[in-house]
Every structure is written in structure tokens, then in C-alpha cells.
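Asks: Let me give you the structure first, and then I'll get to my questions.
Every number in this text was worked out from the coordinates using simple rules, so none of it is lab data. Because the structure is predicted, anything quoted here is derived from the model rather than measured. Every residue, glycine as well, gets a Cβ built from its backbone with ideal geometry; the counts of neighbours run over all protein chains shown.
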Amino acid sequence: NAGVTQTPKFQVLKTGQSMTLQCAQDMNHNSMYWYRQDPGMGLRLIYYSASEGTTDKGEVPNGYNVSRLNKREFSLRLESAAPSQTSVYFCASVDSGTQPQHFGDGTRLSIL
Amino acid sequence: QQQVKQSPQSLIVQKGGIPIINCAYENTAFDYFPWYQQFPGKGPALLIAIRPDVSEKKEGRFTISFNKSAKQFSLHIMDSQPGDSATYFCAASTKAAGNKLTFGGGTRVLVKP
């Protein structure tokens with residue numbers, strides 16, 4: 001039972017390049033989330049998907065897009081990467097109306 | 001605008017000591033307050049959680065104290081061990097807003113042997 005799987009684990013990009021971060025969960029959860037973690041700022045919500053077919057903006061959505069491909073998969077896309085998007089990105093999932101959120105081990109992204 | 005403020009940013013204690021981490025929130029609609037533990041290179045994992053209808057909750061060596069009137073809650077790690085060295089995050093959510101978590105800034109705890 002893998003839980004929440006994120007790929008890749010590490011990535012280095014140049015400014016202006018695009019990239020898609022992948023997330024898949026095998027717990028049959030309805031809701032999925034993308035966070036970014038920066039030192040001293042905790043985790044901040046980028047986008048979330050309350051259920052298959054729906055997505056909504058979180059606290060820091062600018063520069064990102066998401067796709068809820070199916071119930072299992074929720075991807076995060078950077079269309080034109082900027083150095084300010086250097087961060088660790090976490091995907092999480094939860095069954096509707098219950099906690100806790102289950103997190104993946106993150107994607108460490110550096111943008112030069 | 002940080003809706004959940006966490007302090008201190010870092011903490012060093014000796015083995016057996018009691019690290020205490022404090023969080024304060026602004027949104028009175030929050031109805032779920034979890035604490036997450038994160039080890040280097042890993043994602044956060046739920047440690048313990050509380051709802052505002054109780055003032056204290058214990059799970060093993062971890063205790064949450066909750067003060068609804070002051071809009072504050074804290075985590076105590078009793079008889080701390082070197083294996084407890086990690087970063088701890090408080091968070092808050094409201095079911096009405098889809099259970100989206102708002103996190104504090106995190107506290108790095110180091111327990112010295």
C-alpha cells in the first residue's frame with residue numbers, strides 16, 4: 001500500500017521551462033491537494049480538488065495549473081517556471097469529510 | 001496574512017525535557033486542529049488532533065492543550081527522546097471550507113541525548 005506517490009522526487013529547471021509534477025493516491029480518497037513548503041512559512045495551499053472533476057484555487061495559485069485526471073491522479077503544472085517557485089511541493093489526499101490528510105514525500109524543485 | 005501563528009521557530013531540549021510549541025489562530029470558524037510531524041526528506045504525518053469541544057487530548061507522550069477563548073493551542077512532548085527530533089506543524093481547518101488546512105510556520109525541535 002503506497003499511499004500518496006509523487007514524481008519526480010527532485011528536479012532542476014531553468015527559468016521559463018515548463019514542468020508537470022505528478023501525484024497519485026491508492027486510498028480511494030475523494031479530495032486531493034497541492035502545497036508548497038518554504039522555510040518559516042509552513043505549507044501553503046496552491047490548488048485543491050474536492051472531488052473528481054472539480055478544482056479550486058488555494059492561497060498561492062499564481063503561476064500554477066492543475067488537472068484532476070481521475071480519482072487517483074492530480075497533477076500540478078508550471079507553465080513558465082520562475083526562481084520564486086523554487087520550493088518543496090507536497091501532494092496530499094483525504095477522504096471527504098474526514099481527516100487526516102495523507103501526504104506524499106514531496107518533490108524538491110529548483111529553478112535557476 | 002498568516003491565520004495560524006506558530007512559535008518558537010526552533011527549540012533545543014535535553015532528553016527527558018518537555019518541548020512546548022504554541023499556536024494562535026484568528027478564524028473562529030476553525031473546527032479541527034491537527035499537529036503534523038515531519039522528518040527530513042519526508043512528508044508531514046499526522047501526530048495528534050483536537051476539536052474545539054475539548055480542552056486537552058493525550059496520545060502517548062504527546063498532549064494538545066486547547067484554549068478556545070484565547071484562540072490558542074499548544075503541543076507538549078513529554079519525556080522527549082532523540083527520535084522526536086523533527087519539525088512540527090500546527091494547522092487548522094473548517095469543514096465548511098472543504099477541510100483545507102491552514103498551517104503554522106513550523107517549529108524545528110532538536111532533542112539532545
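Asks: State the Kirkwood hydrodynamic radius of the protein assembly as shown in Å, one decimal place, computed from all pairs of distinct Cα atoms.
Replies: Taking every pair of different Cα atoms in the protein assembly as shown, averaging 1/r and inverting gives 18.0 Å.
Asks: What order do you get for B:Lys68, A:Lys14 when you list them from fewest to most C-beta neighbours inside 10 Å?
Replies: With the sparsest Cβ surroundings first, the list reads A:Lys14, B:Lys68.
Asks: Same structure again: Could you work out the relative contact order of region B:1-102, using alpha carbon pairs under 8 angstrom and six or more residues apart, expressed as a whole percent?
Replies: Relative contact order of region B:1-102: 33 percent.
Asks: Quick check on the exposure proxy: order B:Asp84, A:Asp95 from fewest to most C-beta atoms within 10 angstrom.
Replies: Fewest-to-most Cβ neighbours within 10 Å comes out as A:Asp95, B:Asp84.
Asks: Please state, as a whole number in µm²/s, the translational diffusion coefficient that the Stokes-Einstein equation yields for region B:1-91 at 10 °C and 1.306 mPa s, with Rh defined as the Kirkwood radius across alpha carbon pairs.
Replies: Once the numbers are plugged in, D ends up at 117 µm²/s.
Asks: Something else about it: Based only on other Cβ atoms within 10 Å, what is the fewest-to-most ordering of A:Met41, A:Met32?
Replies: A:Met41, A:Met32
Asks: What is the antiparallel percent of DSSP beta bridges lying wholly in chain B, to the nearest 5?
Replies: 85
Asks: Compute for chain A: radius of gyration divided by Kirkwood radius, i.e. Rg/Rh, restricted to C-alpha atoms, rounded to two decimals.
Replies: Rg/Rh for chain A comes to 0.95.
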